[in-house]
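Notes to accompany the following structure.
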């Protein structure tokens, strides 16, 4: 939920066209979590 809030707050502050860095930061964090805790480790 924190990541969703971070993106939505970024959109409110930066607008749709200025939120790329916030979205990229969240994406990087999500990818790191998925690497650490893979749902399908055999894929």
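The numbers here are math on the coordinates, done by the rules we state, and not lab data. Just so it is clear, the structure is predicted and the values come from calculations on it, not from any experiment. Quick reminder, even Gly has a Cβ in these numbers, built from the backbone with ideal geometry, and neighbours come from all protein chains shown.
Calculated translational diffusion coefficient of the chain (37 °C, 0.692 mPa s; Stokes-Einstein with Kirkwood radius over alpha-carbon pairs) equals 290 µm²/s.
With the simple model of a label 7 Å out from the Cα in the direction of the Cβ, residue 40 to residue 1 spans 2.9 nm. Fully extending the segment from residue 31 to residue 16, taken as 0.36 nm per residue of separation minus the present Cα-Cα distance, adds 3.2 nm.
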